[in-house]
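No lab work stands behind these numbers, since they all come straight from the coordinates. Because the structure is a prediction, the values reported are computed rather than measured. Quick reminder, even Gly has a Cβ in these numbers, built from the backbone with ideal geometry, and neighbours come from all protein chains shown.
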């Protein structure tokens, strides 16, 4: 099935069986992309991969991320790795005691300091800063 260019939403096909499934999935993706910050807690002292696995909405499709470390497992700065090729703006909130870098596996990233937030953009390869840490 065909998908949209930016959010990878499955498009409706004329004559499709169960069109309500496609439409409901699209609405779910639009809802999280418009304003849902996904809370992710580090469970190990390692880089964290944001998934592009089904079902939709996928992790990367959210408006952004609130990163926490409630078990205090992080001992150094870590990367939060987005899927390659996905183009999207993110609100990135770092509520850990370490600097976190939002990046893709193929490109450069942007570090966000401890207890700071920033608006960042992924162009599909590199992550670019839109705002300073606040």
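The ranking of 102, 38, 74 by Cβ neighbour count inside 10 Å, starting from the fewest, reads 38, 74, 102. Only beta bridges with both residues in the chain are counted; by DSSP, about 50 percent of them are antiparallel. Between the Cα long axis of helix 19-35 and the first principal axis of the chain there is an angle of about 30°, rounded to the nearest 10. Calculated [222 nm] ellipticity per residue, helices only, for the chain: -4500 deg cm²/dmol; basis is -39500 (n - 2.57) per DSSP H run with n ≥ 4, divided by all residues, nearest 500. The length gained on full extension between residue 132 and residue 97, counted as 0.36 nm times the residue separation minus their Cα-Cα distance, comes to 10.8 nm.
Legend: calculated FRET efficiency, residue 76 to residue 54, from the Cβ-Cβ distance at R0 = 25 Å, rounded to 0.05, equals 0.15. Put simply, the C-alpha atoms of region 82-134 give a gyration tensor, and the ellipsoid matching it has half-axes of 19, 11, 8 Å, longest first.
Relative to its residue count, the chain spans a Cα convex hull of 101 Å³ per residue.
Taking 0.36 nm per residue of sequence separation and removing the Cα-Cα distance, the residue 18/residue 119 pair yields an extension gain of 32.6 nm.
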